[in-house]
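Peer 1: Pasting a structure below so you can have a look.
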Amino acid sequence: MAGYFVCQRRLGRIFTHPGVGGSLMMTRDPSRKVFVTLRTSSRPCQWCHKILVTLAVISILNPLWQAHADVPNPIENRSTFIFYLENDLFSGTDKYYTNALKLSWISKDLEKISHDRELPGWARWIVERTPTVNKDDFLHNLALSLGQNIYTPRNITEEELIEDERPYAGWTYLSAALHSKSFQLLNTLELSLGIVGPSSHAEEVQKLVHKWTGSNEPQGWDNQLKDEPGVMLTWQRFRRILRTPVGNAFAFDAIPHAGITLGNVFTYSNLGGEIRFGYNLPADFGTSLIRPGGGVACPVGMNDPRCGSNMDFGLTVFMGVDGRAVAHNIFLDGNTCKDSHSVDKNYFVADISAGVSVVYKRVKLTYTHVYRTEEFKGQDGGLFFGSISLAVTF
C-alpha cells in the first residue's frame, strides 16, 4: 500500500529513510515540489508506532529542513491576545489540578527581533545571543503572560493534613517568551518567574470562586506548601507536517512537538503531537494548554481565516497527546529547602486530549477535553478536565 501527499518544500537533495516493513522516500519534481511516498507492509498496524516516531524525529530534529524553511510575510501590526481557563468542573469533579487561568499577549510579527525598538535593551542583548530565536530567515514574536495554577487534594472538606493526598498549592507567575517561526517550524524559548505558597493567593481565589458558585469551602489550606520563589526556563519546538488538502477548503495536518523545562517548579522533558482536520484549517501551530512553552495560537502568514482573506470562518476538530518524563514537580515533591507536605510522584505522565475550535473573522474559540494520567502513587485514577481558550487577533 502506498500513500502520497505534497509538501511545499524546496530541498536540494533526496532523503530516504528505510523502515522495518516499509520505506519513507522524499523526491522532487521539476516544479520543485517535494513528494513523500510512504510504503508499508500488509500489516501496517504492526509498525505504525515506529512510523509515527520516525516522522516525529524527522520533523522536529532534521536541520536540513530548518535551513530551508519557507518564511511567511509578516502580518503587519497584528498582535494576538489569548485568555485561557482550565478547570475540572467541566468533568464534574473538584480535585487535584482544579483550576488555572492565564492571560497572554503575543506581539506583531517582527522580521528582526533584536532590532525592534519596542524591545528593552537587556532583552535585545539576550536575543542576539540566543541562536534558536535570533534567526534572520525567520519571523519572531515576543509574548508576555500572567497566570495562576491551583492544586488541591481530593477531599477539600478535611481540615487536617491528608498525608497520602497531594498537597494544597498555588503558583502565580509572569512569563516572557520569544517565538521564532516559519510556515512549518516554531521555536519557543520562555522564562517564567513566580511564587509558590500563600503569597500566590491561590487560597483566596479558590474560596472566592467557591463562594460565588455555592460549592463546598476548602478547609485544608493551612497545610499548603510554603512560600518559595519559582523560576523555569523552557524550550519547545513545534513542526507542521503532512498538510494535505481533502476536498474543497478541507485539510488535514499534524503538529509534533518536543521540549524541555528546567527549574525548581517543574523539570521535565516532553514529546507529543496533535492531528487536525477541518474546514479552512488555521495557519498556526495548533492548540495550546496551560503549560510552559504554550501560547502558540497566533496566525502564521496571511493564509488564515483571521487575516482578512476571502475565508473568514473555520471549523477544526483535533486530537493530541503530550508525554512527560518528570524529574521534579514541586506540587508533588514539596518545597525545595523547607519541610513541607509531599507525596511520591510518578515519573511518567501523559495528557490525552480532543476538542474543537471555531474561527470567525479575527477570533478563535477552542474547547479541549483532557485526560491526565495518574501523577502520584496512590492517586485515585487519572483526572479529566476541560480547557477553554479565546484568542483575538487585532
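The values are calculated or read from the model by the stated rules, or taken from the named source; none is laboratory data. For clarity, every value in this text was computed on a predicted model and none was experimentally measured. Cβ placement follows ideal geometry from the backbone for every residue including glycine, while neighbour counts extend to all protein chains displayed.
Peer 1: Do we have any residue at all in the range 289-312 that's surrounded by fewer than 22 Cβ atoms within 10 Å (Cβ to Cβ), assigned by TED's automatic domain parsing to the domain that holds S192 and modelled with pLDDT of 95 or more?
Peer 2: no
Peer 1: Taking the range 230-248 only, how many residues are of a type outside the set (S, T, N, Q) and surrounded by fewer than 13 Cβ atoms within 10 Å (Cβ to Cβ)?
Peer 2: 3
Peer 1: With respect to S199, is the statement that it is out of contact with any Leu (no Cβ under 8 Å at 6 or more places or on another chain), modelled with pLDDT of 90 or more and small (G, A, S) true?
Peer 2: Yes: the conditions hold for S199.
Peer 1: Condition (residue is touching a residue at least 12 places away in the same chain (Cβ under 8 Å), in a helix (DSSP H, G or I) and in contact with a Gly (Cβ under 7 Å, 6 or more places away or on another chain)) applied to the range 189-200: is it met by at least one residue?
Peer 2: Within the range 189-200, one or more residues are touching a residue at least 12 places away in the same chain (Cβ under 8 Å), in a helix (DSSP H, G or I) and in contact with a Gly (Cβ under 7 Å, 6 or more places away or on another chain).
Peer 1: Is it true that some residue in the range 277-287 is modelled with pLDDT of 95 or more, assigned to a strand (DSSP E or B) and out of contact with any Leu (no Cβ under 7 Å at 6 or more places or on another chain)?
Peer 2: The answer is yes; a qualifying residue exists.
Peer 1: Checking E160 against (1) modelled with pLDDT under 95; (2) outside any strand (DSSP E or B); (3) crowded, with 21+ Cβ neighbours inside 10 Å, which test does it fail?
Peer 2: Going through the list (1) modelled with pLDDT under 95; (2) outside any strand (DSSP E or B); (3) crowded, with 21+ Cβ neighbours inside 10 Å, E160 breaks only (3).
Peer 1: Another question, then. Can you pull out every residue in the range 350-394 that is part of a loop (DSSP other than H, G, I, E, B) and not β-branched (V, I, T)?
Peer 2: Matches in the range 350-394: K361, R362, E374, E375, K377, G378, Q379, D380, G381, G382, F394.
Peer 1: Check whether at least one residue in the range 256-267 is in contact with a Pro (Cβ under 9 Å, 6 or more places away or on another chain), over 21 Å from G334 (Cα atoms) and assigned by TED's automatic domain parsing to the domain that holds S342, and report yes or no.
Peer 2: yes
Peer 1: I'd like to know if the range 354-361 contains one or more residues that are closer than 20 Å to N99 by Cα and either out of contact with any Asp or Glu (no Cβ under 7 Å at 6 or more places or on another chain) or modelled with pLDDT under 95 (or both).
Peer 2: Yes; the residues of the range 354-361 include at least one that is closer than 20 Å to N99 by Cα and either out of contact with any Asp or Glu (no Cβ under 7 Å at 6 or more places or on another chain) or modelled with pLDDT under 95 (or both).
Peer 1: Inside the range 163-201, can you point out the residues that are among the small types (G, A, S) and crowded, with 18+ Cβ neighbours inside 10 Å?
Peer 2: Selection gives A169, G170, S175, A177, S180, S182, S192, G194, G197, S200.
Peer 1: Go through the residues of the range 330-348 one by one and say whether even a single one is assigned by TED's automatic domain parsing to the domain that holds A143, touching a Ser or Thr at 6+ places or on another chain (Cβ under 9 Å), touching a residue at least 40 places away in the same chain (Cβ under 8 Å) and assigned to a strand (DSSP E or B). Spell out how you get there, then give the answer.
Peer 2: Looking only at the range 330-348, we keep the residues that are assigned by TED's automatic domain parsing to the domain that holds A143, and these are 330-348.
With the extra rule that they be touching a Ser or Thr at 6+ places or on another chain (Cβ under 9 Å), the set shrinks to 330, 332-335, 346, 348.
Remaining after also requiring touching a residue at least 40 places away in the same chain (Cβ under 8 Å): 330, 332, 334-335.
After this cut, where a residue has to be assigned to a strand (DSSP E or B) as well, the list is none.
Within the range 330-348, none of the residues are assigned by TED's automatic domain parsing to the domain that holds A143, touching a Ser or Thr at 6+ places or on another chain (Cβ under 9 Å), touching a residue at least 40 places away in the same chain (Cβ under 8 Å) and assigned to a strand (DSSP E or B).
Peer 1: OK, next. Count, please, the residues in the range 163-196 that happen to be modelled with pLDDT of 95 or more and hydroxyl-bearing (S, T, Y).
Peer 2: Residues flagged as modelled with pLDDT of 95 or more and hydroxyl-bearing (S, T, Y) within the range 163-196 amount to 5.
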